[in-house]
Amino acid sequence: MRGFWNVMMLPILLFSCLMGGSAMSAPAGNLNVLADGERLQDRRMTDLKTHDTPWTFQKPASLDEWKNKRDRIRRKILISCGLWPMPESGQLKYEIFEKKENEDYTVEKVLLETFPGYYATGNLYRPKPDPANPSRRYPGVLCPHGHWTNARLAHTADDSVLAARSISFARQGYVCFAYDMVGYSDNKALLDHNFGGRREALWGIIPAGFQLYTSLKALDFLRSLPDVEPKRIACTGASGGGTQTFLLYAVDERIKAAAPVNMISAHMQGGCKCENAPQLRLDINNMDIGATMAPRPLMLVCATGDWTKNTPEVEYPAIRSIYELYRKPDLVACHLVDAEHNYNKESRQAVYNWFARVFYHDRPQSDFVEKDYVMDPTPDLSVFAKHPIPEDALKPEQLFEALRVSREKQLWDYLEKFKPSAMEIYSEAYRETLAVKEPEFTEISTSHNQRIPQGEATVEKFLLENESTGQAVPAVLWTPGKLDNQREIGAVLLIHPEGKSGLIGEGGILKEPAARHIEKGIPVLSIDCLGTGEFIRDASWAARAKAQSATGYAHFATYNLTDTAGRVQDILLAETWIAKKFGKPAKIIGLPGAGGWVLLAHGLAENSMENEADLSNLDFSNDHCFVEDLYIPNLRRCGDFATSILLAGNRSIRIQGCADPAMNDRLKRAMDAGVASGGD
């Protein structure tokens, strides 16, 4: 393990003095690379994505390539949902009560603790016991529901109600657990469906994560029952329940058959907060996630009247191509229903037949035809109709605080107890959360190049571009007339919160520390990071800014980098360009207001050395600066600055200006954790 003790915690250092007459001045006019009115063609502004953006399936060239992608998809889902590493679960805790005996099935109420102090709610449908075989075990079926009114307790003429398939599954010989979405039906008494804001998202405390973890615990619960065959479990749900279905089977191979209904689409990824975990669909889509079921049996049910109408021609062939890589194309099927968005009788029958093929292939199909049913009255299904809310159930703010504490504790426990795997686990989470990386040299280019001599020195203005990411970053390089050919670094990369113009003082004179480095014969590069300098002059910026506002697009971070992640991406592009141009690493300096960006980039910036980050004026109380200044969902969950320091290893960084004792202690603890791991 590499060493981390060279991280130095220093007092605040202000960079404010100006150089004397020998200082280099800015080029005549201004530092803008683009002419007035010229558009900045950066895809992060021009090509914003939403849940309605069409996708094209990228078929892998081989099975090995697909398996690598599948593994990354699984990891990505868990990380985006705040479940990486998986929370410590402890002993399975549940209560089954108030059984109601019907003619050919029974139904009971269930309270299942998922996170400590939070409970899933639902109903357990079972076949009537067989007197001739009282110890008989049955396949199990998990039944999550979608966003229908009243959901699990819906009692209307609409035959999409959850009870229809739950009763039928029990009659056909399955043990079925129908459970609530977070904040629906009985669960509404415990938590709102759209709970949480930015602070909760920083820690991975989000509806999508709660629902996925509920499904995982529901799977544990169902498999633990004495009348269930634990290796024969299926899952099916429609609409939002379809999303829950494919997210569950994507991360857990214990699901042996699945049927997501009316959901997997190339042009609609799900419109609810509970379906849109941050960072999840930056570069993958529901077709990719859906295909992770391969080669396990999968039925895609679709409808002519919703976003799955093209499934037979688009999504089904895409997913089937993955089954073909396994040489098992017969294990995926598609059924199109001529109806609006639904889980109606025809859709259910397609699923019954599919599951019977998997679990009861020796029985006649007539055994699996849905019979008429009468839904049990609401009081017979409602968990809290007679039963009180558990005494240890936490109020939302108590629950969120407990999760923040436990997730911070988990980071340090991993570093102390699981040293060989801790770095791998948290580095994977960090990389997926920031979702940026250093480019290859071959991906980098420049355009709009303007060279302005200033005596023996030169000033160069240009756009720094990455063809893969679509970045187009305004940049200025100051090169002194007499270079220090003995220098260890190629150039200093100075990051100012206002962009490159922030380095210029009165009279166009370069401020410190730029002037000092140039005087020493070291080139200085400065850039406009995303959302600074020339970016905010561009007409496209207004649309991006509005999309991220409180009244903008709620799922922005699911499909697009946040500004902070984009700024880290720009720093990585610039420091890699320095290494390419000069054949030496960059030294990155983050000035007050931009020091946090540089500290986040530090762990990923392998083409840099001896970096500096000034954290002056950042308010770390109650995660304020992470919410307002450094927002990336899941950032605190994956270890934020601490993980960046650990990732950097021997590459040092000087950290200064942090006035928060707790954060200073945390950064020092990250340094000490590296030393304890045996770095050198």
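Readers should treat all values here as calculations from the given coordinates under stated rules, not as data from a laboratory. These figures come from a predicted structure and were not determined experimentally. With ideal geometry, Cβ positions are generated from the backbone for all residues, glycine too; neighbour counts draw on all protein chains shown.
Computed quantities for the displayed model
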{"quantity": "Nearest-ten-degree value, helix 207-224 long axis tilted from longest Cα axis of the chain", "calculated": "40 degrees"}
{"quantity": "Alpha-carbon centroids, the range 178-203 and the range 263-336: separation in whole Å", "calculated": "26 Å"}
{"quantity": "Principal-axis tilt of helix 345-359 within the chain, Cα atoms, nearest 10 degrees", "calculated": "90 degrees"}
{"quantity": "Theoretical FRET efficiency, 1/(1+(r/R0)^6), r = Cβ-Cβ of R198 and D380, R0 56 Å, to 0.05", "calculated": "0.85"}
{"quantity": "Angle between the chain longest axis and helix 63-80 axis [Cα atoms, degrees, rounded to 10]", "calculated": "90 degrees"}
{"quantity": "Mean ellipticity per residue at 222 nm, deg cm²/dmol - from DSSP H runs of n ≥ 4 across the chain, formula -39500 (n - 2.57)", "calculated": "-9500 deg cm²/dmol"}
{"quantity": "Magnitude of the charge dipole, the range 21-153, Cβ model with Lys/Arg +1 and Asp/Glu -1, debye to 20", "calculated": "400 debye"}
{"quantity": "FRET efficiency for K437 and E313, using Cβ-Cβ distance with R0 set to 35 Å, rounded to 0.05", "calculated": "0.50"}
{"quantity": "Residues of type aspartates and glutamates that K437 reaches as a straight line, Cα spacing below 16 Å, ignoring anything fewer than 8 places off in the same chain", "calculated": "D283, E428, E465, E467, D563, D570, E575, E606, D640"}
{"quantity": "Extension reserve of the K395-Q41 stretch, reckoned as 0.36 nm per residue once the Cα distance is removed", "calculated": "122.7 nm"}
{"quantity": "In the range 337-372, trypsin sites (Lys or Arg not before Pro) in a DSSP loop with at most 15 other beta-carbon atoms within 10 Å", "calculated": "K371"}
{"quantity": "Cleavage-rule hits (GluC sites (Glu not before Pro)) in the range 80-165: DSSP loop, at most 15 neighbouring Cβ within 10 angstrom", "calculated": "E88, E103"}
{"quantity": "Net length gained if the chain between D283 and R357 were fully extended (0.36 nm per residue, minus Cα distance)", "calculated": "23.2 nm"}
{"quantity": "Alpha carbon centroid spacing (whole Å) that separates the range 212-239 from the range 624-647", "calculated": "34 Å"}
{"quantity": "Positive minus negative residues near E460 (Lys, Arg vs Asp, Glu; Cβ under 11 Å)", "calculated": "+3"}
{"quantity": "Those GluC sites (Glu not before Pro) in the range 337-393 that DSSP places in a loop and that have at most 13 other beta carbons within 10 Å", "calculated": "E391"}
{"quantity": "Partner aspartates and glutamates for K93 [C-alpha distance under 15 Å; skip if fewer than 8 residues away on the same chain]", "calculated": "E113, D220, E391, D392"}
{"quantity": "Computed lengthening from D660 to Q58, 0.36 nm per intervening residue step minus Cα-Cα distance", "calculated": "212.0 nm"}
{"quantity": "25 °C / 0.890 mPa s Stokes-Einstein diffusion coefficient of the chain, Kirkwood radius on C-alpha pairs, µm²/s", "calculated": "90 µm²/s"}
{"quantity": "For the range 455-531 versus the range 74-129, the gap between their alpha-carbon centres in whole angstrom", "calculated": "57 Å"}
{"quantity": "Whichever lysines have a C-alpha closer than 22 Å to that of K668, once near sequence neighbours (fewer than 8 apart) are set aside", "calculated": "K409, K417, K419, K587"}
{"quantity": "The chain: relative contact order in percent, alpha carbon pairs under 8 Å with at least 6 residues between", "calculated": "20 percent"}
